[in-house]
Amino acid sequence: MFTELEDITFNKLAALHSGPLRAPAKLTAMLRLLAKYRTEVIARALKNEIGVTVQQGPFAGMQLLGNAAEGCYIPKLLGCYEMELHPHLKQLPGRDYQAIIDIGC
């Protein structure tokens, strides 16, 4: 018996398989879909194990929403998302900024 996620993924794979794409593009699209499926399986398992609380980094302890609006959910939950910004984020509380704008670049 398939889960809803498995059903959706299987149906999308079947549509790709029977669709108009030629072999290399078809395989690329199918592999991309399977990678997204696997990422979702891992994210769900991780959420079941640790909940939705960020584990480390400058946002440790923060509660996330159920899904990521952009990017992969797993590194956000583990606290390593955009890790190169962490030292800069840790300096912010000591500064007297009136506002901080995240432009998402």
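Mean projected area of the convex hull spanned by the Cα atoms of the range 1-50, taken over all viewing directions: 3.7 nm².
With respect to the chain, whose longest principal axis is taken over its alpha-carbon atoms, helix 23-50 is tilted by about 50°.
Here's the picture: charge each Lys and Arg Cβ at +1 and each Asp and Glu Cβ at -1 in the range 21-89, and of LEU64, MET83, ALA35 the one pushed furthest to the positive end of that dipole is ALA35.
Which of THR39, THR53, THR28 moves the most in a Gaussian network model of the chain with Cα springs under 10 Å? Comparing THR39, THR53, THR28 in the GNM, the peak value goes to THR28. Between helix 4-18 and the chain there is an angle of about 50 degrees, using the helix long axis and the longest principal axis of the Cα atoms. For the chain, a crude dipole built from +1 on the beta carbon of Lys and Arg and -1 on the beta carbon of Asp and Glu, taken about the Cα centre, is about 360 debye to the nearest 20. A compact globular protein would have a Cα radius of gyration near 2.2 N^0.38 Å; the ratio found for the chain is 1.45.
Every number here is computed from the coordinates shown, using simple stated rules; none is lab data. From a predicted model like this one, the values you see are computed outputs, not experimental measurements. FYI the Cβ positions are ideal-geometry reconstructions off the backbone, even for glycines, and counts take in every protein chain you see.
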